1. When a/c reaches 1.5 or more, the comparison of a/b and b/c decides; with that in mind, is chain B rounded, prolate or oblate per its Cα gyration tensor?
2. Treating only the Cβ of Lys, Arg, Asp and Glu as charged (+1, +1, -1, -1), what charge dipole size does region B:1-105 show about its Cα centre? Round to the nearest 20 debye.
3. Give me the extension gain from B:N46 to B:E75: residue separation times 0.36 nm, minus the current Cα-Cα distance, reported in nm with one decimal.
4. Which residues' amide hydrogens lie under 5 Å from the amide hydrogen of B:V29, considering only partners 5 or more residues apart or on another chain, with H built in the peptide plane?
5. Can you give the charge dipole size of region A:19-155 about its Cα centre, rounded to the nearest 20 debye, using +1 on the beta carbon of Lys and Arg and -1 on the beta carbon of Asp and Glu?
6. Against the 2.2 N^0.38 Å scaling, with N counting residues, where does region B:10-61 land? I'd like the Cα-based Rg ratio to two decimal places.
7. For region A:1-118, state the semi-axes of the equivalent ellipsoid (square roots of 5 times the eigenvalues of the alpha-carbon gyration tensor), sorted largest first and rounded to whole angstrom.
8. Given the options A:T143, A:I63, B:M59, identify the residue whose Cα lies farthest towards the positive end of the charge dipole of the protein assembly as shown (+1 on Cβ of Lys, Arg; -1 on Cβ of Asp, Glu).
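Read-outs: derived from the displayed coordinates by stated rules, not from any lab. These numbers come from a predicted model, not from an experiment. Using ideal geometry, Cβ is built from the backbone for each residue, glycine included, and neighbour counts are taken over all protein chains shown.
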Amino acid sequence: MNPTDRNVLTAVVQEVFETMFFTFVDPIGEDEMSQITSLPGPYFHGQIGVKGENGRKVLDIFIPDEMANSLTETILRKEDNKSVSKEELIDTTKEIANMALGNILNKTNKEGTQRLTTPTAELVGDISPFIKDSGMEHIYFETDWGIMVVLFACG
Amino acid sequence: MAFNVLIVDDSMAMRSVIRKVISISGFDVGTFFEAGNGIEALEVLNEQWIDLVLSDINMPEMDGLTFVKKMRENEIYKNIPVVMITTEGSQACIDEAMSLGVKGYIQKPFMPEVIKEKLEEIMEKTR
């Protein structure tokens with residue numbers, strides 16, 4: 001990933017978490033990333049793309065499940081003290097993916113006519129093989145709940 | 001004067017965030033109504049008195065721009081103020097929303113103050 005794209009992606013992801021969830025996520029340097037060989041999960045995996053113009057853009061985000069739980073509890077702040085449901089965790093993950101890619105487009109292609117696809121999300125386990133085989137550019141973020149991973153493909 | 005507010009967003013998390021932001025902003029809300037897409041929102045408009053609509057754009061079944069077009073075709077609720085709250089930030093999308101007469105366009109992620117300021121502006125004009 002060229003440094004400019006990496007900086008935009010990093011700034012957008014940080015802005016989404018800081019503004020909407022009051023949570024700080026710190027990018028991990030590429031040297032340190034290469035030493036991380038295991039990402040056992042479980043993770044909530046959100047994915048979203050764009051439609052409407054030539055070229056492909058896809059963003060995948062892998063949020064540690066405890067982090068997704070904490071963020072969702074913060075947002076929903078349930079008065080009945082019930083724990084959040086898997087459906088609510090998936091909903092939060094989809095919205096995070098939606099805000100992240102939407103803002104990347106806003107910062108890089110404001111005049112474009114691209115529209116976001118409907119985001120999807122699911123609970124997954126070990127993501128190490130997926131990251132290794134994806135061929136997508138990726139950034140790791142240090143969080144209070146473990147490593148969060150963002151993959152971005154732009155072609 | 002208390003305003004009945006309809007929040008239209010397919011994300012329940014986002015509807016919750018918007019509801020909380022408005023609640024702590026001091027905006028005088030009578031009742032919050034919620035809908036997960038444009039079709040559900042039109043059903044709410046048919047059944048409830050709504051003073052203000054806050055709508056996402058990118059939603060399944062019926063998106064926010066189509067929903068606002070349908071609103072404008074209806075004599076009863078064509079004049080209800082609408083604010084878009086969305087991740088869609090392309091100029092083409094903003095222009096289309098503005099051509100439909102929306103009163104504001106807020107991009108996610110948003111600072112709570114942005115929603116508060118926009119609602120105060122609308123409230124001021126309504127007085």
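1. Because its axes are fairly even, with a/c under 1.5, chain B counts as rounded.
2. With Lys and Arg at +1 and Asp and Glu at -1, about 300 debye.
3. Extra length from B:N46 to B:E75 when fully extended: 9.3 nm.
4. Residues meeting the amide H criterion: B:F3.
5. Details: 12 positive and 22 negative charges, 136 e Å.
So the magnitude is around 660 debye.
6. Cα-based Rg divided by the globular estimate yields 1.15.
7. 26, 20, 13
8. Positive-most Cα among the choices belongs to B:M59.
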